[in-house]
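The next block holds one structure in the form of structure tokens; read it before the comments.
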Amino acid sequence: MAAGKSSESGETKKRKKSKTPEEKNEENNVASAEQAGGSGGEQQAAMVFPPTFSVAEIKNKQRRHFMFMKEKLQKKKEKIALRKKRKKEREALGDKAPPKAVPKTIENQRVYDETTVDPADEEVKYDEATDEFAPYFQRQTTPKILITTSDRPRGRTVRFTEQLSSIIPNSHVYYRRGLALKKIIPQCIAKDFTDLIVINEDRKIPNGLVLSHLPNGPTAHFKISNVRLRKEMKRKGKEPTEHKPEVILNNFTTRLGHSIGRMFASLYPHDPQFVGRQVATFHNQRDYIFFRYHRYIFRSEKKVGIQELGPRFTLKLRSLQKGTFDSKYGEYEWVHKRHQMDSNRRKFHL
């Protein structure tokens with residue numbers, strides 16, 4: 001009899017071990033319902049079962065992705081239906097409809113910058129009449145740009161330099177042969193160059209751009225990223241022509257941004273040739289400068305098409321130095337400090 005009991009107890013143990021998680025959950029739900037008793041127990045059981053479902057708990061990757069896309073599509077449909085419902089309500093109310101809610105974006109939630117200037121301000125006009133770019137805007141000089149690279153550039157940097165020279169009129173490309181910039185700058189001044197552009201690279205990829213206005217500066221150092229050559233662009237137009245392009249500068253509203261915008265404008269000659277229908281755009285957004293080069297086409301009297309010619313790239317200002325390039329004794333007007341907020345430093349935005 002003792003052996004029979006022991007064998008029965010062993011079998012019951014095995015049965016307890018072999019229970020699935022679903023059976024355990026069901027037993028727990030039943031037990032909780034019995035303890036609660038009556039209608040209250042039935043309500044509690046209904047609240048516990050079935051368990052809450054989460055897409056993240058699905059272990060199969062394909063199934064999880066399918067359910068996620070299905071849930072996303074359902075939310076999109078609900079959003080569109082709600083938008084249509086609100087539109088009908090607004091049309092029904094007419095003039096009595098409440099004003100539309102303004103969506104929160106990074107731009108409209110940004111804290112107002114004290115350095116934002118008004119172009120009509122007398123102090124700004126005086127600075128424009130006396131700064132290093134005044135001879136260009138007074139049409140006393142014609143832009144002549146020298147484009148060079150770091151020593152021994154690779155294929156991608158060489159192609160980017162050549163394409164950059166094709167979209168900046170009156171620019172010349174010369175490759176360095178181990179010559180220091182301090183020796184290049186006097187030669188540029190002697191040959192009447194107004195600007196010097198240096199493309200630096202790291203691991204065969206362009207990563208830096210130095211722009212120095214000659215002969216008296218200033219010099220800006222940018223980090224360059226997201227470089228897309230013409231061959232890598234989709235739906236690109238034909239090669240750019242030699243016509244002088246129009247220049248568009250967006251959101252250069254602060255004192256620092258005003259200087260940077262004038263520096264970019266001085267690269268292009270006056271009086272653009274509208275026959276070429278080419279536009280060079282420098283768009284500043286959250287202190288990142290996005291460059292695009294387009295050609296616009298008049299499809300009809302009301303419709304205009306745009307073709308991107310390339311190249312495209314993004315700039316981030318790292319420093320602005322007074323005078324020409326001097327890494328050792330140069331006086332910096334502004335320096336970007338990544339993890340430091342110094343109260344004594346002028347906090348400028350573009």
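The values are calculated or read from the model by the stated rules, or taken from the named source; none is laboratory data. Note that the structure is predicted; figures quoted are calculated from it, not measured. As a convention, Cβ positions derive from the backbone with ideal geometry for all residues, glycine included, and neighbour counts pool all protein chains shown. Ligands, DNA and RNA are excluded from the accessible area calculation, which covers all protein heavy atoms including side chains. Shrake-Rupley method; radii C 1.70, N 1.55, O 1.52, S 1.80 Å.
Numerical summary
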item	result
Net charge of neighbours whose Cβ lies under 14 Å from the Cβ of Ser165, counting Lys and Arg as +1 and Asp and Glu as -1	-1
Accessible surface, 1.4 Å probe, highest first, among residues Phe252, Phe325	Phe325, Phe252
Rounded to the nearest 10 Å², the accessible area of Val304 at probe 1.4 Å	80 Å²
Residues of segment 197-350: accessible area per residue with a 1.4 Å probe, Å²	57 Å²
Links that overshoot a 24 Å alpha carbon limit, given the list Lys76/Lys100; Lys79/Lys104; Lys144/Lys328	Lys144/Lys328
Sulfur and carbon atoms: percent of accessible area, segment 247-315 [1.4 Å]	52 percent
For peptides 125-135, 75-85, sequence by mean Cβ density within 10 Å, most packed first	125-135, 75-85
Mean Cβ count within 10 Å, highest first, over the residues of peptides 197-206, 86-95, 235-244	197-206, 235-244, 86-95
Sorted peptide list for 281-293, 110-122, criterion being average Cβ within 10 angstrom, highest first	281-293, 110-122
